[in-house]
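**Student:** The structure under discussion is supplied below as structure tokens; questions concerning it will follow.
The values are calculated or read from the model by the stated rules, or taken from the named source; none is laboratory data. A quick note: this is a predicted structure, and the numbers were derived from the prediction, not measured. Don't worry about glycine lacking a Cβ; one is built from the backbone with ideal geometry, like all the others, and counts go over all protein chains shown.
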Amino acid sequence: MKKILAAIAVLGCALPTIATAAEVPLSKRLTSRFLLQSDAHDAAWYVHPATNERYSLRDSDICFSTAASLALGISDADLAKLATPAARKRNAKLASRLRGRFLLAVQQHGALLYFSPVDSARSPIPDGDTCLTLAKRLGQKVKTKELASIPMNTEQLIFDPAFSQVASAKIVNGKPVAGRYPNQILPIASLTKLMTALVISDLKPDWEREITLTAEDLAYPQTQVDPGDITSEVAFAVGDTVTVRELWVAMLVSSSNQAAITLADHSGLPIPAFVSAMNSKSRALGLNRTVFIEPTGLDPDNISTAAEMAKIAAAAFANPTIADTTVLKEFTIAARQTDGAIRAVPVTNRNYSLLQFSVDGAKTGFLYEAQRTVAVRKGNTIAVVLHARSMSERNQLLTTFLGEPKKP
């Protein structure tokens, strides 16, 4: 052996290296497997064997639709070759090729199944609940940090909870000039209200029309968040009668979710139709990675990218009724109570540090999933920051886009 090594050294050759498991990318080691995000309530994922990208299976509907979209068609004859251990042994090449794949039995009315790489068993997937149960049973636990090393697919319109960076975009005169991760899909929180405002504006509301707030209007935010969570509101009370204009100001200045849902509910469109109009408006702006679920932004499945959010902000802030309202510092609503008395309801813009940038339009948002979000216009510049972990981080990025803010 010493002579062999010496000869190799003399010839200047290198011994071949054998990759250890640690040197093989996690995506390849876990290809075709179900994964469970152990530090995020065992959220389920699937790693596609062809691309080594991960797909979210976070609920039964998504699990089933994803499995169906990724499935390979298979004939009954080939399916029979995977039926038993003996059959799989005889057809080892086929079994190896299909292990870990979702399969669609095309001669059985599209019956869906999964051929497990764990035990080489065929598991039928008749519905979403079965799909998610299967993923939980066969899933390998990984931490979020490990999951983040596996590339997220670009097909699912869904935000990536393993993303830990800040996304941003700057456009000047409608053209992108700067940004990081501008195409990363993320929750946008209350930036949603810019699209809500655009749709309301398109419907040409009667600004002086009076609306009486109901218990259902005021309870809406708590139906969207965990019990006890605080949402951004003003001091409305059940039975208050206010104008459309006053609700508009509450929505855009104090980011009142109660005002947003009430405006949508009294827009002349049922809420599902209103949300449909939001998504239609998004498509009309040429956006394909933006989805709205409801009008306030409390649902983290209201998603967009920094680049697409910049286009929404450009459209919204081009409307003076929207832009001018968002930079009001304060306003007082004259709410008529059930006894006829008028009560002053203060509306305050709490974006003090943001206004120091002398912006011409501004909207912020916050959700745990979204972290801090902001969209602003200053002159011919639109700047968007998504998923900033603090106001300091958010404002630091805005400084690079807009210049130094005025000192208070």
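**Student:** When you check Val177 against the structure, is it at pLDDT below 95, closer than 28 Å to Trp45 by Cα and either in contact with a strand residue (DSSP E or B) (Cβ under 7 Å, 6 or more places away or on another chain) or of a type in the set (A, V, I, L, M, F, W, C) (or both), yes or no?
**Tutor:** So Val177 fails the test.
**Student:** Just to be sure I understand the filter: pairs with C-beta atoms under 8 Å, separated by 6 or more residues or on different chains, first member in the range 207-220 and more than 12 Å from His266 (Cβ to Cβ), second member surrounded by 11 or more Cβ atoms within 10 Å (Cβ to Cβ) and among the basic types (Lys, Arg). Which pairs pass?
**Tutor:** The qualifying pairs are Trp207/Arg245; Glu208/Arg245.
**Student:** Please give the strands (runs of 3 or more DSSP E) falling wholly within the range 81-144 in which 1 or more residues are of a type in the set (Ser, Thr, Tyr).
**Tutor:** 111-115, 122-124
**Student:** Run down Val275, Val291, Val359, Val347 and say which single residue is out of contact with any Leu (no Cβ under 7 Å at 6 or more places or on another chain) and under 16 Å from Leu157 (Cβ atoms).
**Tutor:** After applying the criteria, what remains is Val275.
**Student:** Restricting to the range 394-408, name every residue that is touching a helix residue (DSSP H, G or I) at 6+ places or on another chain (Cβ under 8 Å) and assigned to a helix (DSSP H, G or I).
**Tutor:** Scanning the range 394-408 gives Asn395, Leu398.
**Student:** Assuming Val234 fulfils every condition listed in (1) crowded, with 22+ Cβ neighbours inside 10 Å; (2) within 17 Å of Ala375 (Cβ to Cβ) apart from one, which condition is it?
**Tutor:** It fails just one condition, (2).
**Student:** Can you name the condition, by its number, that Leu147 falls short on among (1) under 18 Å from the mean Cα position of the chain (by Cα); (2) under 23 Å from Val291 (Cα atoms)?
**Tutor:** Among (1) under 18 Å from the mean Cα position of the chain (by Cα); (2) under 23 Å from Val291 (Cα atoms), Leu147 violates only (2).
**Student:** Restricting to the range 47-68, and then to whatever is in contact with a Phe, Trp or Tyr (Cβ under 8 Å, 6 or more places away or on another chain) and small (Gly, Ala, Ser), can you tell me which residue is surrounded by the fewest Cβ atoms within 10 Å (Cβ to Cβ)?
**Tutor:** Checking each candidate, the answer is Ala68.
**Student:** Any idea which residue in the range 338-349 is farthest from Gly239 (Cα to Cα), counting only those that are surrounded by 12 or more Cβ atoms within 10 Å (Cβ to Cβ) and touching a Ser or Thr at 6+ places or on another chain (Cβ under 8 Å)?
**Tutor:** Residue satisfying both the conditions and the ranking: Asn349.
**Student:** Can you give me the ranges of the strands (runs of 3 or more DSSP E) entirely in the range 294-393 with at least 1 residues that are closer than 21 Å to Thr262 by Cα, more than 16 Å from the chain's Cα centre (by Cα) and in contact (Cβ under 8 Å) with a residue 60 or more places away in the chain?
**Tutor:** By residue number, 330-336, 342-348, 361-367.
**Student:** Looking at (1) touching a residue at least 60 places away in the same chain (Cβ under 8 Å); (2) touching a Phe, Trp or Tyr at 6+ places or on another chain (Cβ under 8 Å), which one does Ser123 not meet, given that it meets all the others?
**Tutor:** Single failed check for Ser123: (1).
To keep it simple, each residue is scored yes or no on (1) assigned by TED's automatic domain parsing to the domain that holds Asp301; (2) part of a strand (DSSP E or B); (3) over 30 Å from Met152 (Cα atoms).
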residue	(1), (2), (3)
Pro176	yes, yes, no
Leu194	yes, no, no
Leu198	yes, no, yes
Pro205	yes, no, yes
Glu208	yes, no, yes
Ile211	yes, yes, yes
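**Student:** For the range 342-382, name all the residues that are within 19 Å of Lys311 (Cα to Cα) and hydroxyl-bearing (Ser, Thr, Tyr).
**Tutor:** Residues satisfying the conditions are Thr364, Thr373, Thr381.
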